[in-house]
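All remarks here apply to the structure that follows.
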Amino acid sequence: MNKRNAISLFLATLMMGSAHAALFINAGATATPAGQGPTGADANYLAYTTTHEDNNASTTGQLTTFNSVSFAEGGLGGTYDVGVAFTWLDFTARQSKQAFDDRTASDYDTFWESWVGIDSRTDNGGIGGGDRIQLNLSGLAANQAFTFTSYNADGNDQSATFTVDQTPTASETATSPFDWPALQFNDSLTPATTNAYSFDVTSDALGNLDITYTMASGTFFGVNGFDLVAVVPEPSSALMLLFVSSALLLRRSQSLSMSKGRRV
């Protein structure tokens, strides 16, 4: 490949801009179907499932590995086997480990009816405030920036407020606490994505990412699902200018060479 073609290819790569790809997850009990997103049927959404009121003595929910996840659009290469698990940090009682796939007891399952969360009532094993559930992600690219969008609402009658932090660095402080509203919807009403909260996070050197939800108020809290979007930074304006200038200089040099050739 000659210099001109090499520079042209490099410039074309740079001008692709930001690259985004995503892992889309809905969360709930064992029967939660894949293909349900925040606005209805969506084949992009994969199902993470864990058992409601798990009898396991461990506080960790089931680990699900989603194989060959691609974040390659526009620049982040390779595929990843991404592990997803929810961990109940403050509980050992099974009643506190909540997971639903049909929260409103209707004849259909939707994204907003399904969630994995906590029951913080003290008579159910909770500590009655400040209760935490953690989302553990593994197998990601190391030190990779992501935009994380969390979907949080209950389709029945529970509401709460909560804060969100990335481990070990706090990722949201200014706009916390967030709201976990009771939606009170029926078969003819599907909530919009108004209960979505987005913020920037970064995986650690081992490709792990932990998101901790802490209740600020209320007795129930849940996570309906989330989006994890890899972000490849755009090239700086200065870098773009440098390579554009290089291309122009190369073109001028080639023009001068051609002119000298014609004089011979």
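Laboratory data are not the source of any read-out in this text; all were calculated from the coordinates shown. What you are looking at is a predicted structure, and each value in this text was computed from that prediction instead of being measured. Here the Cβ positions follow ideal geometry from the backbone for every residue, glycine too, while neighbour counts run over all protein chains shown.
Starting with the fewest neighbours, write out Leu206, Leu140 ranked by other beta-carbon atoms found within 10 Å of each beta-carbon. Show your work: numbers first, answer last.
On the way: Leu206 11, Leu140 24.
Ranking Leu206, Leu140 by Cβ neighbours within 10 Å, fewest first, gives Leu206, Leu140.
The Cα atoms of region 18-233 define a convex hull whose projected area, averaged across directions, is 11.3 nm². Using θ = phi - 60° in the Karplus curve 6.51 cos²θ - 1.76 cosθ + 1.60, the 3J(HN,Hα) couplings for region 222-232 round to x, 10, 6, x, 7, 10, 10, 10, 6, 10, 9 Hz; x is entered for Gly and Pro. With each label modelled as a point 7 angstrom along the Cα→C-beta vector, the Leu206-Ser70 pair spans 3.0 nm.
For Thr30 and Gln95, the difference between the fully extended length at 0.36 nm per residue and the C-alpha to C-alpha distance is 21.8 nm. Estimate the FRET efficiency between Thr194 and Ala141 by the formula 1/(1 + (r/R0)^6), using the beta-carbon distance for r and 51 Å for R0, to the nearest 0.05. FRET efficiency, Thr194 to Ala141: 0.95.
In plain terms, the residue of Leu228, Leu183 with the fewest other Cβ atoms within 10 Å comes first and the most crowded comes last, giving Leu183, Leu228. Evaluating 6.51 cos²θ - 1.76 cosθ + 1.60 at θ = phi - 60° for every residue in region 154-162, the Karplus couplings come out as 10, x, 10, 9, 9, 8, 6, 10, 7 Hz, glycine and proline recorded as x. Simple point charges give the picture: +1 on the Cβ of Lys and Arg, -1 on the Cβ of Asp and Glu, and for region 51-155 a dipole about the Cα centre of about 380 debye. By the count of neighbouring beta-carbon atoms within 10 Å, fewest first, Asp102, Asp123, Asp131 end up ordered Asp123, Asp102, Asp131.
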